[in-house]
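Notes follow the structure.
The values are calculated or read from the model by the stated rules, or taken from the named source; none is laboratory data. What you are looking at is a predicted structure, and each value in this text was computed from that prediction instead of being measured. For neighbour counting, all protein chains shown are included, and Cβ atoms are generated from backbone atoms with ideal geometry for every residue, glycine included. SASA here: full protein model, heavy atoms, side chains in, ligands and nucleic acids out. Shrake-Rupley method; radii C 1.70, N 1.55, O 1.52, S 1.80 Å.
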Amino acid sequence: MTVITGRTALITGGASGIGLLMGEILLSKGLKRLIVWDMSEQNIASAAKRLGPRAEFHRIDVTDTAAVVAMAARNEEAGPPVDILINNAGIVVGRHFAEHSHADIDRTMQVNTTAIMHLTLTLLPGLVRRGSGHVVNIASAAGLVSNPGMSVYCASKWAVIGWSDSLRLEMEAKKNGVRVTTVLPYYIDTGMFDGVKSPVIPILQAEPTARKIVRAIERNRIFLRMPAIVNILPLVRGILPARMFDVIVGRFFGIYESMSEFKGRST
Ligand code: NAI
């Protein structure tokens with residue numbers, strides 16, 4: 001059981017969407033110190049209005065590793081140190097692969113994948129030294145299923161899942177008290193995926209999704225896949241021939257067309 005009362009949490013991308021909601025829920029459960037890292041001045045301004053002085057906001061681009069290392073050190077010095085790290089910041093391009101620029105590819109992989117590893121590497125020694133802590137990595141159901149219109153996003157989230165669960169195994173083998181939870185949600189109505197169509201599986205609502213993630217942290221869940229049907233994806237993908245899987249996921253559930261009217265965020 002991960003205790004929230006009296007603890008410190010750092011949430012990247014915590015000024016919008018499920019990051020903001022998770023921060024709010026953690027505070028309502030008695031979190032002592034909430035540190036929010038986000039690169040959007042606009043999102044920080046509106047989140048600061050909503051959370052008030054209960055949260056500390058830092059404007060930072062998580063892909064700037066030198067800035068991340070320096071900011072993490074400043075945050076830790078100011079104390080109390082981070083107990084719960086939620087790697088949440090993410091972006092999506094939402095185009096067919098051939099329409100990506102080289103910069104789109106690099107940026108997506110950096111924000112969604114490598115930045116998470118660099119920040120975790122920076123904070124991990126402190127968690128290990130203190131013999132407790134929780135690293136929560138927000139991946140996606142897109143890390144379990146191929147999908148036209150989000151190939152690089154899928155790649156970035158597949159990578160996160162593989163890295164995150166390997167980290168869990170390393171922490172467990174060392175019995176050092178550090179927990180790792182990997183979160184794989186389906187589409188959520190935060191605006192990040194505005195325009196997507198999902199004719200069969202309902203799009204998740206942000207608030208209950210954030211609440212479930214916080215509950216998964218408290219319960220030290222290894223994986224949280226949402227909705228429940230996402231739990232059977234790896235099995236179905238493993239046992240069905242690829243063409244049959246395409247028919248079920250693509251045609252029946254309409255997933256392969258889901259990005260065809262993607263708009264995403266206007267900013
Ligand atoms: P959102 O777009 O509402 O919020 C993301 C926040 O991250 C924004 O405030 C943005 O300014 C910040 N951010 C982006 N790049 C950054 C950077 N380089 N440095 C610092 N901050 C940065 O996103 P949402 O929907 O709340 O998603 C949160 C996480 O959940 C993401 O990792 C996303 O991939 C994942 N996810 C989202 C789903 C959805 O349908 N919205 C579905 C599955 C997973």
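Let me spell it out: the conditions are (1) open to solvent by 20 Å² or more (accessible area, probe 1.4 Å); (2) part of a helix (DSSP H, G or I); (3) closer than 23 Å to Val183 by Cα; (4) in contact with a helix residue (DSSP H, G or I) (Cβ under 9 Å, 6 or more places away or on another chain), and Thr108 meets all of them except one. Which number is the exception?
Exception for Thr108: condition (1).
Conditions tested, residue by residue: (1) in contact with a helix residue (DSSP H, G or I) (Cβ under 9 Å, 6 or more places away or on another chain); (2) of a type outside the set (Asp, Glu).
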residue	(1), (2)
Asn231	no, yes
Pro234	no, yes
Arg237	yes, yes
Pro241	no, yes
Met244	no, yes
Gly250	yes, yes
Glu257	yes, no
Phe262	no, yes
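Restricting to the stretch 38-61, name every residue that is under 19 Å from Thr122 (Cβ atoms) and open to solvent by less than 20 Å² (accessible area, probe 1.4 Å).
Result: Asp38, Ile60.
Output the number of residues of the stretch 75-107 satisfying the condition of being out of contact with any Phe, Trp or Tyr (no Cβ under 6 Å at 6 or more places or on another chain), closer than 20 Å to Val196 by Cα and among the β-branched types (Val, Ile, Thr).
The total comes to 2.
Looking at the structure I just gave you, is Met117 within 28 Å of Gly94 (Cβ to Cβ), out of contact with any Pro (no Cβ under 8 Å at 6 or more places or on another chain), in contact (Cβ under 8 Å) with a residue 12 or more places away in the chain and not in a loop (DSSP other than H, G, I, E, B)?
So Met117 passes the test.
Only one of (1) touching a helix residue (DSSP H, G or I) at 6+ places or on another chain (Cβ under 6 Å); (2) aliphatic (A, V, I, L, M); (3) open to solvent by 20 Å² or more (accessible area, probe 1.4 Å) fails for Ile35. Which number is that?
The number of the failed condition is (3).
Filter the stretch 120-144 for residues that are in contact with a Phe, Trp or Tyr (Cβ under 9 Å, 6 or more places away or on another chain) and touching a residue at least 60 places away in the same chain (Cβ under 8 Å); which is surrounded by the most Cβ atoms within 10 Å (Cβ to Cβ)?
So the residue we want is Ala141.
Got a sec? Which helices (runs of 4 or more DSSP H) wholly within the stretch 154-260 have at least 1 residues that are at pLDDT 95 or above, exposed (fewer than 13 other Cβ atoms within 10 Å of the Cβ) and within 16 Å of the ligand (Cβ to nearest atom)?
Counting at least 1 such residues, we get 206-218.
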